[in-house]
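To start, the structure under review is shown below, and the notes come after it.
The values are calculated or read from the model by the stated rules, or taken from the named source; none is laboratory data. Not measured: the values here are computed from a predicted model. Cβ placement follows ideal geometry from the backbone for every residue including glycine, while neighbour counts extend to all protein chains displayed.
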Amino acid sequence: MGLGETVVPVTRDPGAAGRAARALFPADGPIVDRMERPAAAAALERTAVAVPVVPEGMRLFPRPVGQNGSPRAGGRWWDGPMTELRIRAAGPEDLDAVLAFWKTAAEGTSISDGRAGTERLVARDPEALILAERDGRLAGTVIAGFDGWRCHLYRLAVHPDQRRNGIGRALLAAAEDRFVALGGRRADAMVLVRNELARQAWAAAGYEAEEQWRRWVKPLV
């Protein structure tokens, strides 16, 4: 999934897959298979052993849940009203809204959480700060920084009212696609130990904690 693409939910529709350049097959979130320019019949056969088919550039949203967090009775991943999710890079004109958004949606604070710091980020790497928008409003962010050696993820944040709707996964997919295009081979993220919700989200996206490492910090200013 690239920047500037629109994400829309689709149903189990082999016909739609047959019109796509590429189809993805998710299993409870992770992508387990993909087909290049699949015929509808081939996609139908694949869904018989996998799960709903998703044309490239589109992703399913999580199964609807009840108040207790369990799957809603009779609910399917694509049930309920949904609107398109737009993924794009942030520009200088977005920074005030991003900083305000982080106060609501992000866990923890950083000395870089200021106008000057975000301006330097966008000026140095215009595609590093990735936004997710729904109905024209900011719904999520992630910073995908690549220094030519390593791929680093920061500030993965989703608005509390928009969580459990696939926004975090869509942002990470865009970030990972960016890293691969730049030649990156592995992505890492800083995750607060006390943030259990974030730890679960990163684990669900395929990331693993490396307990043998510790972050060492020295303030420079």
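The criterion of at least 2 residues that are among the β-branched types (Val, Ile, Thr) is met by the following strands (runs of 3 or more DSSP E) wholly inside region 137-197: 137-146. Of the residues Arg155, Arg169, Arg134, the single one that is among the basic types (Lys, Arg) and farther than 19 Å from Arg199 by Cβ is Arg134. Summed over region 120-136, the residues that are surrounded by 18 or more Cβ atoms within 10 Å (Cβ to Cβ), in a strand (DSSP E or B) and not small (Gly, Ala, Ser) give a count of 4.
Before we move on, is Val217 at pLDDT below 95 and in the same structural domain as Ala100 (by TED's automatic domain parsing)? Before the answer, list the steps.
On the way: at pLDDT below 95: yes; in the same structural domain as Ala100 (by TED's automatic domain parsing): no.
Answer is no for this residue.
Can Ala187 be described as in contact with a His (Cβ under 9 Å, 6 or more places away or on another chain) and either modelled with pLDDT under 95 or not polar (S, T, N, Q) (or both)? Explain how you work it out, then say what you get.
On the way: in contact with a His (Cβ under 9 Å, 6 or more places away or on another chain): yes; either modelled with pLDDT under 95 or not polar (S, T, N, Q) (or both): yes.
Yes; evaluated as a whole, the condition is true for this residue.
Filtering region 177-205 to residues that are charged (D, E, K, R), surrounded by 11 or more Cβ atoms within 10 Å (Cβ to Cβ) and closer than 13 Å to Asp147 by Cα leaves Arg178, Asp188. Criterion applied to Leu220, Leu156 was being of a type outside the set (Asp, Glu) and either within 16 Å of Ala106 (Cβ to Cβ) or touching a residue at least 24 places away in the same chain (Cβ under 8 Å) (or both), and the one residue passing it is Leu156. Just one of (1) closer than 27 Å to Glu84 by Cα; (2) surrounded by fewer than 16 Cβ atoms within 10 Å (Cβ to Cβ) fails for Val142. It is (2).
The residues listed here are Ala144, Ala175, Ala157, Ala181; of these, the one that is of a type in the set (A, V, I, L, M, F, W, C) and more than 22 Å from Leu99 (Cβ to Cβ) is Ala181.
Just for region 71-119: of the residues that are assigned to a loop (DSSP other than H, G, I, E, B) and modelled with pLDDT of 95 or more, which one is farthest from Gly140 (Cα to Cα)? Checked region 71-119; the qualifying residue farthest from Gly140 (Cα to Cα) is Gly91.
Could you grab me the full set of residues in region 116-134 that are among the basic types (Lys, Arg) and closer than 15 Å to His152 by Cβ? Reasoning before the result, please.
From region 116-134, those among the basic types (Lys, Arg) are 120, 124, 134; that's our starting set.
Hit for region 116-134 is Arg124, nothing else.
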